[in-house]
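Enquirer: Supplied in structure tokens, the structure appears directly below.
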Amino acid sequence: MNHRIIPISSATDTRVRKRQAPKGRRVDAAALAQVQALMGGASSQADLLIEHLHKIQDNFGHLSAAHLAALAQEMKMPQTAVYEVASFYHHFDIVKEGDTAPAPLTVRVCDGLSCEMAGARDLLARLPVLLGRAVRVLAAPCIGRCEQAPAAVVGQNPVPNATAQAIQAKVDAGATSHVPDGFIDLAAYQATGGYALLQQCVSGAKAVEAVLDTLENSSLRGLGGAGFPTGRKWRIVRAESGPRLMAVNIDEGEPGTFKDRVYLERDPHRFIEGMLIAAWAVGIDKIYIYLRDEYHGCRHLLQAELAKLRLAPPVQGMPAIELRRGAGAYICGEESAMIESIEGKRGMPRLRPPYVAQVGLFGRPTLEHNFETLYWVREILEKGAEWFTAHGRNGRKGLRSFSVSGHVKNPGVKLAPAGITVQELIDEFCGGMLDGHTLYAYLPGGASGGILPANLNNIPLDFDTLQPYGCFIGSAAVIVLSDKYSATQAARNMMNFFQHESCGQCTPCRVGTAKAMHLILQPKWDLPLLADLSQVMRDASICGLGQAAPNPVVCVIKYFPGELA
């Protein structure tokens, strides 16, 4: 007997049913109206997801399930996609149905190493009682104000050298804003020759090849940590077929680093002119600036100055510039993770190759740069490569902006010769150690760069000089420890940070940081197991976070064995 199989749809109902709403939570009409009002007619393209999430978070103090569903419908995205992005970033507070919304005001106290040494733990213990339930108090990873330790943020307003009383006063005062002393705006910058060099480049008075030669001869390298030669990078991206894009990294999340913020608060147009010269030389169609969310004041300053430039551009055909806002994720300082975030996604590092110079932002060749690298372009081109290379000590060439914090009298950004030693840096630029303190150890390159003892205080601080000691300079974040603290405490602080900031994409980093933290909290460290774990993390982690996370622990074992006895 032959049997004919009849499709169920044909046997029961020939009509094709159409879904009446996106799969997932039904969208609340009131929430949708609120989201539409906040978006204000702005584009709903997918790469603006994080920008729109910020609008909801800023307005309501949290992200409700209803608002997330409404945003998903407005942007024509799956609700799961919106939720996974929102839940990735620390500065988004998702409130599920039935849960209580956080207090209307949040105080974040930095618990990074410099702030911990300055008393952040005591502040975190005292503030909940002092401020009451109307204020939420959170420990936060480094907020880029290490020279002002302990530092806190009330809402979006920083409190330098924070005390409980100063934080209470800021809570009572509400939102405030001010222009930093000595700030150079567009008019002041142009009055001293600003943008004249860019005009010479665009007019043809300066040739692209001459600019590239000067940068190469200056030996300027990427100052965000990787140290790739700047002129060579420009040539590589320039050789790729267009359209080409540019991504500027001001996510500056490495504990101990704050140089970009300090320069941005004082002279933003020097950076912008360098950025536009790079765009001209490489042939960039559009520029994206990625600024960490903790730099709220910098964002307002930069927005205002970019608006002035758009109204009165110094040259014709200036590429469009978009300012994008981070959301509290250290991993987005990694170039490919930053690119993912600019595209509106979770900030997870990409596997390479291909490299971002070939396949970067939106799949296009991308020139990625740190803020400070571009900050030096104008001065090097005006004064010549020889001017830059004439600086330096101990056989090194150039200048470095050291972010110095910890137990020194005068912390801050110190512009010093490349190759200077930490002892020279402390004595000549920082006024020496704090009274009653003796140099015990130092971190030459922030959380990732390892820890060295005081008896190695004569190593030139520069690219390629610290690797034989198991360390690196990175973004030149120097944290100075005195004999009042221990390298073991520093390693625990750093590993806690890495565990908190791991994106979770790869097992060696996600599990390795948690396991390492557990092991170093023990009274007696399991040295063979820590050695095996460190090697696996270095060999198998996708990006630099997992690869460098073991450095503080390895350095404690190597240089401070007496602390483990």
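Read-outs throughout are calculated quantities, based only on the coordinates presented, and are distinct from any laboratory measurement. Please read all numbers here as calculations on a predicted model, not as lab measurements. Here the Cβ positions follow ideal geometry from the backbone for every residue, glycine too, while neighbour counts run over all protein chains shown.
Enquirer: Defining a contact as two alpha carbons under 8 Å apart and six or more residues distant in sequence, what relative contact order in percent does the chain show?
Expert: On the way: 1028 pairs, mean separation 69.1, N = 565.
RCO, the chain: 12 percent.
Enquirer: Compute the FRET efficiency between residue 316 and residue 489 as 1/(1 + (r/R0)^6), taking r as their Cβ-Cβ distance and R0 = 41 Å, and round to the nearest 0.05.
Expert: On the way: r = 56 Å, r/R0 = 1.38.
For R0 = 41 Å, the calculated efficiency reads 0.15.
Enquirer: Another question about this same structure. Where a ≥ b ≥ c are the square roots of the eigenvalues of the C-alpha gyration tensor, would you call the stretch 100-256 rounded, which needs a/c under 1.5, or, failing that, prolate if a/b is larger than b/c, or oblate? It would help to have the intermediate numbers written out before the result.
Expert: Working: a/c = 2.92, a/b = 2.27, b/c = 1.29.
Verdict is prolate for the stretch 100-256.
Enquirer: Straight-line reach from residue 76: which aspartates and glutamates have Cα under 13 Å away, leaving out those fewer than 8 places along the same chain?
Expert: Cα-Cα hits under 13 Å: 47.
Enquirer: Let me have the 222 nm mean residue ellipticity of the chain computed from DSSP H runs of 4+ only, each contributing -39500 (n - 2.57), with the sum over all residues rounded to the nearest 500. Kindly include the intermediate steps, with their values, before the conclusion.
Expert: Values: 25 runs with 235 residues, N = 565.
Helices in the chain give a 222 nm mean residue ellipticity of -12000 deg cm²/dmol.
Enquirer: Hey, another quick one. Shape of the stretch 166-212 from its Cα gyration tensor (a ≥ b ≥ c, root eigenvalues): rounded if a/c is under 1.5, otherwise prolate when a/b > b/c, or oblate?
Expert: Details: a/c = 5.65, a/b = 3.49, b/c = 1.62.
Note, shape of the stretch 166-212 comes out prolate.
Enquirer: Moving on. Quick check: the distance between the Cα centres of the stretch 306-322 and the stretch 470-546, to the nearest angstrom?
Expert: First find each Cα centre; the distance between them is then 43 Å.
Enquirer: Further, regarding this structure: Between the stretch 25-78 and the stretch 375-411, how many Å separate their Cα centres?
Expert: After rounding, the separation between the Cα centres reads 45 Å.
Enquirer: Amide H neighbours of residue 137 under 5 Å, at least 5 residues apart or on other chains, H built in the peptide plane: list them.
Expert: Close amide H contacts, sequence-distant or interchain: 107.
Enquirer: Roughly what % of DSSP beta bridges within the chain run antiparallel, to the nearest 5?
Expert: 40 percent
Enquirer: Tell me the label only: which of (i) 1.03; (ii) 1.88; (iii) 1.12 is Cα Rg over 2.2 N^0.38 Å as calculated from this structure?
Expert: Computed from the coordinates, Cα Rg over 2.2 N^0.38 Å corresponds to (i).
Enquirer: Relative contact order (percent) for the stretch 202-356, with alpha-carbon contacts under 8 angstrom and 6 or more residues of separation?
Expert: On the way: 177 pairs, mean separation 33.5, N = 155.
This gives 22 percent for the stretch 202-356.
Enquirer: Would you mind checking the stretch 79-109 for residues with the amide N under 19 Å from a putative spin-label position 7 Å along Cα→C-beta of residue 514?
Expert: Residues passing the 19 Å test: 87-90.
Enquirer: Once both labels are modelled 7 Å past Cα along the beta-carbon direction, what's the residue 166-residue 45 spacing in nm?
Expert: Going from the residue 166 label point to the residue 45 one covers 4.2 nm.
Enquirer: Full-extension gain between residue 355 and residue 241, please, as 0.36 nm times their residue separation minus the C-alpha to C-alpha distance. Intermediate values should be presented prior to the final figure.
Expert: Details: separation 114, 0.36 × 114 = 41.04 nm, distance 1.46 nm.
Length gained between residue 355 and residue 241: 39.6 nm.
Enquirer: Right, another one. Can you find, among 518, 444, 466, the residue farthest towards the positive end of the dipole of the stretch 420-565? Put +1 on the C-beta of Lys and Arg, -1 on that of Asp and Glu.
Expert: 518
Enquirer: Going by Cα centres, the stretch 161-212 and the stretch 269-293 are how many Å apart?
Expert: 14 Å
Enquirer: Between residue 455 and residue 383, what is 0.36 nm times their sequence separation minus the Cα-Cα distance? Round to one decimal in nm.
Expert: Working: separation 72, 0.36 × 72 = 25.92 nm, distance 3.80 nm.
Result for the pair: 22.1 nm of gain on full extension.
Enquirer: Cα-Cα over 21 Å: which of 286/414; 259/286; 233/286; 55/170; 414/558; 206/414?
Expert: Working: 286/414 33 Å; 259/286 26 Å; 233/286 17 Å; 55/170 23 Å; 414/558 29 Å; 206/414 32 Å.
286/414; 259/286; 55/170; 414/558; 206/414, as the Cα separations exceed 21 Å there.
Enquirer: Have a look at 278, 250, 317 and report the one farthest towards the positive end of the charge dipole of the stretch 250-334, computed about the Cα centre with Cβ charges (Lys/Arg +1, Asp/Glu -1).
Expert: Result: 317.
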